[in-house]
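Okay, structure first, notes after.
The values are calculated or read from the model by the stated rules, or taken from the named source; none is laboratory data. All of these numbers come straight from a predicted model, not from anything done at the bench. With ideal geometry, Cβ positions are generated from the backbone for all residues, glycine too; neighbour counts draw on all protein chains shown. Heavy atoms of the whole protein, side chains included, go into the accessibility calculation; ligands, DNA and RNA do not. Shrake-Rupley method; radii C 1.70, N 1.55, O 1.52, S 1.80 Å.
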Amino acid sequence: EMSSGWSSDGSAPGAADMPESRQFQPVVAVTTESGSAVDRYRFEPLGRVEVAGNGQPERIALGNFELQGKLQMLSLPSYSDEAYQMASTADWSGARLMPGEVQVIAGGAYRGAFNMTLPAPGDTLEFPVGQDPQVRSSRVRMADKCKSAALGGKKSTEVVWEITLQNQHNRPVDVRVLDRVPVSGNENISVEISDLSGGKLEPVTGQVSWQVKLGAGEQRKLLLAYKVTYPKSYYLPNL
């Protein structure tokens, strides 16, 4: 948005009237309660800033702050065998945060970037801190417990998945596990949940979540089982 105010020769509006150097004070002004963070905050550099005219980008410090949060693991067994470290905080609304690309550095290592969106005030802000290879998971289809049967014009298929979680740390960890069961949008197809090992089901989306506390070196198994009943004339792949 600011670039539209620059002239074609690269000079800024009113540049001839600007002093060679300027002392900036750390100021954050709240201009309005509505709109985005770009509308609410004004950011100014801490102290004098000199930018070389060599066409190279420079990083300017605008300030820093701390957020108190909680670190837990997120396991997605159907996508990856390594868990993701997730930081969450509910006390973020007073911080000068803006949505956009966030660079993540944890433990002295660059962990990548993600596009951060801010939740509604009062909701918890979550952001990834990188994968943790010491919290592992696997998702295996138990062929000996899966079966199909036909009765009349209907066919039913029972599917059982075994999820194995393992904590290779020498300390306990909290793990949130996410998986999914099929959801029918056809009145001729029904889905019956057989076993979720205590997981919580979101019936609209089919998402199943578990909150698991794994001790040091502990291994835990979860079951995800369901039965799908449908007309014989239907073909349902991936059952």
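Give all pairs with beta carbons closer than 6 Å in which a residue from segment 86-109 that is over 25 Å from Leu178 (Cα atoms) meets a residue that is surrounded by 11 or more Cβ atoms within 10 Å (Cβ to Cβ) and hydroxyl-bearing (Ser, Thr, Tyr); count only pairs at least 6 apart in sequence or on separate chains. Note: pairs meeting the criteria are Arg96/Tyr41. The set of residues from segment 194-229 being assigned to a strand (DSSP E or B) and acidic (Asp, Glu) comprises Asp195, Glu202.
Here is a yes/no grid of residues against (1) among the charged types (D, E, K, R); (2) part of a strand (DSSP E or B); (3) at pLDDT 90 or above:
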| residue | (1), (2), (3) |
| --- | --- |
| Ser80 | no, no, yes |
| Ala83 | no, yes, yes |
| Gly94 | no, no, no |
| Gln131 | no, yes, no |
| Ser137 | no, yes, yes |
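Would you confirm whether any residue within segment 61-77 is surrounded by fewer than 12 Cβ atoms within 10 Å (Cβ to Cβ), at pLDDT below 85 and more than 22 Å from Leu125 (Cα to Cα)? Yes, that holds for at least one residue. Within segment 112-140, residues that are more than 25 Å from Arg180 (Cβ to Cβ) reach partners that are open to solvent by 80 Å² or more (accessible area, probe 1.4 Å) and of a type in the set (Asp, Glu) with beta carbons closer than 8 Å, at six or more positions or on different chains, in the pairs Ala113/Glu101. Filtered by the rule that a residue be open to solvent by 90 Å² or more (accessible area, probe 1.4 Å) and within 30 Å of the chain's Cα centre (by Cα), segment 39-57 gives Arg42, Pro57.
Of all the criteria given as (1) modelled with pLDDT of 95 or more; (2) among the acidic types (Asp, Glu); (3) closer than 25 Å to Gly112 by Cβ; (4) surrounded by fewer than 17 Cβ atoms within 10 Å (Cβ to Cβ), the one not satisfied by Glu218 is (3).
Within segment 130-143, not a single residue is open to solvent by less than 80 Å² (accessible area, probe 1.4 Å) and in contact with a helix residue (DSSP H, G or I) (Cβ under 8 Å, 6 or more places away or on another chain).
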